[in-house]
Amino acid sequence: MKGCLIWVGARSLEVVQGNLLEERVHAIVNSAPTSLVGGKGLDKEVKSAGGLRLLDACRKVGTCAVGDAVFTPGFSLKAKFVIHAVPPLYEDGTKGEAELLRKTYRHVLQIAASNSLVSLSFPALGVGSNNFPVEVAAPIAFEEIIEHLFSKSSVRTVRYLLLRPERLKPHLDALREVAQKRSLRVIDL
């Protein structure tokens, strides 16, 4: 199986394996450090592919608080824009990490709607170098994205991409669970 798709009215959420840098959408979401520059992993790849103008735009913005996000042009990326999100580090789950991650997703989706974006691609925010267990982070992501799709904002298409194939199944399991609670049908791709 390549992934899953759910429809919320005429809006969709697709969870698949893929590379964020290849996305031709209005905006990709980048997992960034609070400084917005000098990040590792995905952030480093996004800034490299976006070119010096993207790096300069981030420098001009300055910093971004944990749980918040900022908006820049995509410059040399295939996506028109980048929403740089700063997810929290997961320590032990007792320091409000889950609520901060939820807040991060909400801010990203609010920025997308306030800029009239139609299509958006997310990575698995918090999973990986921020140490969130998939079983904690994935339900938060899908709950927030689905709730936003119900809100009838400009956002019509959300893609949630997983670069590493071993992370696909646990995310799809989480999507099925969240979709079932909302009585949404999951379509296998």
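The values are calculated or read from the model by the stated rules, or taken from the named source; none is laboratory data. Just so we're clear, the structure is a prediction, and the values are computed from it rather than from any experiment. Every residue, glycine as well, gets a Cβ built from its backbone with ideal geometry; the counts of neighbours run over all protein chains shown.
Can you say whether Val108 is under 23 Å from Phe142 (Cβ atoms), out of contact with any helix residue (DSSP H, G or I) (no Cβ under 7 Å at 6 or more places or on another chain) and not small (Gly, Ala, Ser), as far as the supplied structure shows? It is true that Val108 is under 23 Å from Phe142 (Cβ atoms), out of contact with any helix residue (DSSP H, G or I) (no Cβ under 7 Å at 6 or more places or on another chain) and not small (Gly, Ala, Ser).
Of the residues that make up region 3-15, is at least one over 21 Å from Leu172 (Cα atoms) and touching a strand residue (DSSP E or B) at 6+ places or on another chain (Cβ under 9 Å)? So far as region 3-15 goes, no, none of its residues is over 21 Å from Leu172 (Cα atoms) and touching a strand residue (DSSP E or B) at 6+ places or on another chain (Cβ under 9 Å). Condition check: part of a strand (DSSP E or B) and either farther than 29 Å from Ser151 by Cα or among the aliphatic types (A, V, I, L, M) (or both). Does Val25 satisfy that? No, not satisfied.
Restricting attention to region 146-161 and to residues that are of a type outside the set (Lys, Arg) and within 12 Å of the chain's Cα centre (by Cα), the residue that is surrounded by the most Cβ atoms within 10 Å (Cβ to Cβ) turns out to be Val158. Restricting to region 165-181, name every residue that is free of Cβ contacts under 8 Å to residues at least 60 places away in the same chain and of a type in the set (D, E, K, R). Answer for region 165-181, where residues must be free of Cβ contacts under 8 Å to residues at least 60 places away in the same chain and of a type in the set (D, E, K, R): Glu166, Arg167, Lys169, Asp173, Glu177, Lys181. Close Cβ contacts (under 8 Å, 6 or more residues apart or on different chains) running from residues in region 1-20 that are surrounded by fewer than 20 Cβ atoms within 10 Å (Cβ to Cβ) to residues that are assigned to a helix (DSSP H, G or I) comprise Met1/Leu172; Gly9/Leu149; Gly9/Phe150; Ser12/Leu149; Val16/Leu168; Gln17/Pro165; Gln17/Leu168. Would you say Thr94 is free of Cβ contacts under 8 Å to residues at least 24 places away in the same chain, more than 25 Å from Ser151 (Cβ to Cβ), out of contact with any helix residue (DSSP H, G or I) (no Cβ under 7 Å at 6 or more places or on another chain) and part of a loop (DSSP other than H, G, I, E, B)? It is true that Thr94 is free of Cβ contacts under 8 Å to residues at least 24 places away in the same chain, more than 25 Å from Ser151 (Cβ to Cβ), out of contact with any helix residue (DSSP H, G or I) (no Cβ under 7 Å at 6 or more places or on another chain) and part of a loop (DSSP other than H, G, I, E, B). Checking each residue in region 100-129 for being closer than 20 Å to Gln17 by Cα and out of contact with any Phe, Trp or Tyr (no Cβ under 6 Å at 6 or more places or on another chain) picks out Tyr105, Ser119, Leu120, Ser121, Pro123, Ala124, Leu125, Val127, Gly128, Ser129.
If you go through region 119-166 and keep only what is more than 18 Å from Val66 (Cα to Cα), among the β-branched types (Val, Ile, Thr) and not in a loop (DSSP other than H, G, I, E, B), you end up with Val134, Ile145, Ile146, Thr157, Val158. On inspection, Asp68 does not qualify as surrounded by 14 or more Cβ atoms within 10 Å (Cβ to Cβ), farther than 28 Å from Arg185 by Cβ and out of contact with any helix residue (DSSP H, G or I) (no Cβ under 9 Å at 6 or more places or on another chain).
Restricting region 123-132 to residues that are of a type outside the set (Phe, Trp, Tyr) and at pLDDT below 95, the residue that is farthest from His84 (Cα to Cα) is Asn131. Scanning region 43-64 for residues that are among the aliphatic types (A, V, I, L, M) and loosely packed, with under 13 Cβ neighbours inside 10 Å yields one hit, Leu52. The number of residues in region 28-66 that are in contact (Cβ under 8 Å) with a residue 24 or more places away in the chain, farther than 24 Å from Leu100 by Cα and either in a loop (DSSP other than H, G, I, E, B) or hydroxyl-bearing (Ser, Thr, Tyr) (or both) comes to 1.
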